[in-house]
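Peer 1: Quick one: structure below, then a few questions.
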Amino acid sequence: MLRYVTTNPGKVREAERYLPDGSVERLDFDYTEIQADGLGPIAARGAREAYRHADAPVLVDDAGLFVEGLDGFPGPYSSYVEDTLGIERVHEIAADLDDRRAAFRCVLGYCDGEGFAASPDPVDRGDRDAAAAAGPDGEGDGGSDGTDAEPLPVKLFEGYVPGRIVAPRGDGGFGYDPIFEHDGETFAEMDTDRKNAVSHRGRALAKFAEWYADR
Ligand code: ITT
């Protein structure tokens, strides 16, 4: 049984459509989200921590909204910004920008404790310690806090969807969905299947499901 590790039930509703019935269940575990410029290091670190917690195959899902006119903000800080400013304020801030284009990104991190051709450890400017820990082969533990005693392979799957920030519309989905418009509709105006067909998470899950089917 695969554990989809998230505090957000909305993510699992979307993920269930990609995996055989009964093959996935949510594990409500709040893994440490390290401070990093990109989602990859957060997902890789989170997958290792979640695997150690669950002692079973895990998939973590780190996502964010990247607003072009704000140089990609809130990006990896999307959760904090949703909790503090709220999505209405994000829309108001974006409404003053010339460039309201935005993108959602999602990085899934899979870890089952077994060996496989892991993704190279993702490295960015904010995660230099992880780069050093990863070493030259890129398959090191990536941990910067000393808790990752042994290297655990992690496979990453990424998805991206372009759109723009609009005034809130629709009451489906979750998070920033009401203010993110893609192809004339906000994600909150789409049902789950329609959102999955175009979304960052759907694209990442499609890649994961194809790889996982052979595993
Ligand atoms: P976990 O970390 O426990 O999985 P979370 O909701 O905090 O749950 P993220 O850190 O990945 O998940 O999410 C960052 C923010 O982006 C958070 O405010 C989410 O509500 C939002 N978000 C993620 N995916 C989204 C989606 O598909 N549509 C709208 N908002 C989304």
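Peer 1: Could you figure out which of (1) within 8 Å of the ligand (Cβ to nearest atom); (2) under 19 Å from residue 201 (Cβ atoms) isn't true of residue 108?
Peer 2: Looking at each condition in turn, residue 108 falls short on (1).
Peer 1: Could I ask something else about it? Any residue at all in segment 101-113 that's at pLDDT 95 or above and at positive phi?
Peer 2: Within segment 101-113 (the criterion being at pLDDT 95 or above and at positive phi), the answer is no, since none of the residues qualifies.
Peer 1: Same structure, new question: So which residues in segment 1-51 are part of a helix (DSSP H, G or I), without any contact (Cβ under 8 Å) to a residue 40 or more places away in the chain and either touching a Ser or Thr at 6+ places or on another chain (Cβ under 8 Å) or surrounded by 22 or more Cβ atoms within 10 Å (Cβ to Cβ) (or both), if there are any at all?
Peer 2: 12
Peer 1: Could you say whether any residue in segment 97-109 is touching a strand residue (DSSP E or B) at 6+ places or on another chain (Cβ under 9 Å), touching a residue at least 40 places away in the same chain (Cβ under 8 Å) and aromatic (Phe, Trp, Tyr)?
Peer 2: Within segment 97-109, one or more residues are touching a strand residue (DSSP E or B) at 6+ places or on another chain (Cβ under 9 Å), touching a residue at least 40 places away in the same chain (Cβ under 8 Å) and aromatic (Phe, Trp, Tyr).
Peer 1: While we're looking at this one, here's another question. Of the conditions (1) among the aromatic types (Phe, Trp, Tyr); (2) crowded, with 20+ Cβ neighbours inside 10 Å; (3) assigned to a loop (DSSP other than H, G, I, E, B), residue 110 satisfies every one except a single condition; which number is it?
Peer 2: With respect to (1) among the aromatic types (Phe, Trp, Tyr); (2) crowded, with 20+ Cβ neighbours inside 10 Å; (3) assigned to a loop (DSSP other than H, G, I, E, B), residue 110 is out only on (3).
Peer 1: Same structure again: Would segment 171-189 turn up any residue that is modelled with pLDDT of 95 or more, of a type in the set (A, V, I, L, M, F, W, C) and either touching a His at 6+ places or on another chain (Cβ under 9 Å) or farther than 27 Å from residue 73 by Cβ (or both)?
Peer 2: Taking segment 171-189 first, the residues modelled with pLDDT of 95 or more are 171-189.
Then drop every residue that is not of a type in the set (A, V, I, L, M, F, W, C), which leaves 174, 179-180, 187-188.
Filter again for either touching a His at 6+ places or on another chain (Cβ under 9 Å) or farther than 27 Å from residue 73 by Cβ (or both), leaving 179.
The answer is yes; a qualifying residue exists.
Peer 1: Starting from segment 153-169, keep only residues that are in a loop (DSSP other than H, G, I, E, B), then list their pairs with residues that are surrounded by fewer than 22 Cβ atoms within 10 Å (Cβ to Cβ) and at pLDDT below 95 whose Cβ atoms are within a distance under 7 Å, requiring at least 6 positions of separation or different chains.
Peer 2: 153/115; 153/116; 153/118; 153/139; 154/118; 154/119
Peer 1: Being in a helix (DSSP H, G or I) and either surrounded by 18 or more Cβ atoms within 10 Å (Cβ to Cβ) or away from the ligand (no atom under 13 Å from the Cβ) (or both) is the filter here, so list the residues in segment 60-81 that pass it.
Peer 2: Answer for segment 60-81, where residues must be in a helix (DSSP H, G or I) and either surrounded by 18 or more Cβ atoms within 10 Å (Cβ to Cβ) or away from the ligand (no atom under 13 Å from the Cβ) (or both): 68, 69, 70, 75, 76, 78, 81.
Each row is one residue, and each column tells you yes or no for (1) β-branched (Val, Ile, Thr); (2) under 30 Å from residue 153 (Cα atoms); (3) modelled with pLDDT under 95.
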{"site": "34", "(1), (2), (3)": "yes, yes, yes"}
{"site": "47", "(1), (2), (3)": "no, yes, no"}
{"site": "54", "(1), (2), (3)": "no, yes, no"}
{"site": "59", "(1), (2), (3)": "no, yes, no"}
{"site": "67", "(1), (2), (3)": "yes, no, no"}
{"site": "72", "(1), (2), (3)": "no, yes, no"}
{"site": "81", "(1), (2), (3)": "yes, no, no"}
{"site": "91", "(1), (2), (3)": "no, no, no"}
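Peer 1: Could you list, ordered by first residue, the pairs with Cβ atoms under 7 Å in which the first is in segment 171-184 and acidic (Asp, Glu) and the second is more than 12 Å from the ligand (Cβ to nearest atom), at least 6 apart or interchain?
Peer 2: Close Cβ pairs satisfying both conditions: 181/164; 181/166.
The values are calculated or read from the model by the stated rules, or taken from the named source; none is laboratory data. Here the structure is a predicted model, which means the values were calculated and not measured. Don't worry about glycine lacking a Cβ; one is built from the backbone with ideal geometry, like all the others, and counts go over all protein chains shown.
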